[in-house]
Amino acid sequence: MPELPEVEVVRAGLERHVAGRVIASVDILHPRAIRRHVEGPADFAGRLGGVKIEAARRRGKYLWLDLADGEAMLAHLGMSGQMLVQPGEAPDEKHLRVRLRFADGGPELRFVDQRTFGGLALSELVEADGTPVPATIAHIARDPMDPLFDPARTVSALRRRRTEVKRALLDQTLVSGVGNIYADEALWRSRLHWARPTDRLTARQAEAVLGAASEVMGEALLAGGTSFDTLYVNVNGQSGYFDRSLNAYGREGRPCGRCGTAIRRDPFMNRSSFSCPSCQPKPRPRRRTP
DNA sequence: AAGATCGCCTGCAGGC
DNA sequence: TGCCTGCAGGCGATCT
């Protein structure tokens, strides 16, 4: 699954391969990929024809293309989405959902998505916190790699929540771009249990876990951001980075890299949380207020 | 109104 | 061997 660093690699690939080009035509091979465009697939395809792409942008795991008509083509890769820049004569991929052809006759842009959790839509740009973003994602907070991300503000917002710290890390309206894998890694690095109540975190702990999330993403981007210059913009997330550098996620029963205790897996929101029982002790139950 | 839960979708691993 | 079940995951919709 593409995490934020992979999505940033895709954004850079789009900037390089499609910015400045004029869309000629759009094929929609699976309407589910356009389900978030409420006016429907025909409207989507019709409005993109003849439009120039100005730039490729990202917030959290959302991508968008700034269009010359002032709108944006918003994209989310979901669990299995890929953006491929392919020569027109390349055979269709098995899970090809949308194809954009260009007026210059050069390579086309293909949205491929096996599980169809991802999708494309057109959205007008609005101003949110001083930055133009597609209206449909104006509720998405800045991610930790955003130059205008405000750590102090996010720390206070995190500590004002009344929930568990991992739920808060996954809440895209608080901080965006943190998925299940990087949440577990950030918690391991900052030695916090996933169920720690947010309103009992010290400022230092809140800073540490947000800082760790930012670090993990930065390291992954450095490790995986090397494949820009091929036409194939790889988005499948299998960069090899995970195998070598995950300390908690997916490591049930294997020794913690800090203390050697076996990593444990707990059920969490219909999926899993991985943590070290020794470095990340379970919080004591909240005392009833008298 | 914030916080919690559900459901979408497909391939694959594991059990028998 | 092949069927079955469970799991993976982000996020909008829908509940409490």
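No value in this document is a laboratory result; all are computed from the given coordinates. This one's a predicted model, so the numbers in the text were calculated from it and none came from an experiment. As a convention, Cβ positions derive from the backbone with ideal geometry for all residues, glycine included, and neighbour counts pool all protein chains shown.
General remarks:
- Taking chain A as a whole, the Cys residues whose C-beta sits 4.7 Å or farther from every other Cys C-beta are A:C259.
- Calculated mean residue ellipticity at 222 nm for chain A: -7500 deg cm²/dmol, from DSSP H runs with n ≥ 4 weighted as -39500 (n - 2.57), summed, divided by the residue count and rounded to 500.
- Gain on full stretching of the segment that runs from A:M79 to A:L29 - 0.36 nm per residue minus C-alpha separation: 16.1 nm
- Modelled this way, with points 7 Å down the Cα-to-C-beta line, the labels at A:A103 and A:D43 are 2.4 nm from one another.
- As a proxy for reagent exposure, ranking A:S123, A:S278, A:S190 by other Cβ atoms within 10 Å from fewest up yields A:S278, A:S123, A:S190.
- Kirkwood-based shape ratio for chain A, expressed as Rg/Rh from alpha carbons: 1.01
- Close amide H pairs (under 5 Å, H built 1.01 Å from N) link A:V51 with A:I23, residues at least 5 positions away or on another chain.
- Relative contact order, percent, segment A:1-135 [alpha-carbon distance under 8 Å, six or more residues apart]: 28
- Pairs of lysine residues in chain A that meet both criteria, 8 or more places apart or on different chains and Cα atoms under 26 Å apart, total 4.
- Taking amide H atoms as placed 1.01 Å from N in the peptide plane, the amide H of A:S80 lies under 5 Å from those of A:R115, A:F117, A:G118, each 5 or more residues away in sequence or on another chain.
- Magnitude of the charge dipole, chain A, Cβ model with Lys/Arg +1 and Asp/Glu -1, debye to 20: 2040
- Packing, as the average of other Cβ atoms within 10 Å across residues, places the peptides A:148-154, A:34-40 in the order A:34-40, A:148-154, highest first.
- Under the Karplus curve 6.51 cos²θ - 1.76 cosθ + 1.60, θ = phi - 60°, whole-Hz ³J(HN,Hα) for segment A:255-267, x wherever Gly or Pro sits: x, 4, x, 9, 10, x, 5, 5, 5, 10, 10, 10, x
- What the phi angles of segment A:51-66 give under the Karplus curve with 6.51, -1.76 and 1.60, with θ = phi - 60°, is a coupling list of 8, 8, 8, 9, 6, 10, 10, 8, 9, x, 9, 8, 10, 8, 9, 6 Hz, glycine and proline written as x.
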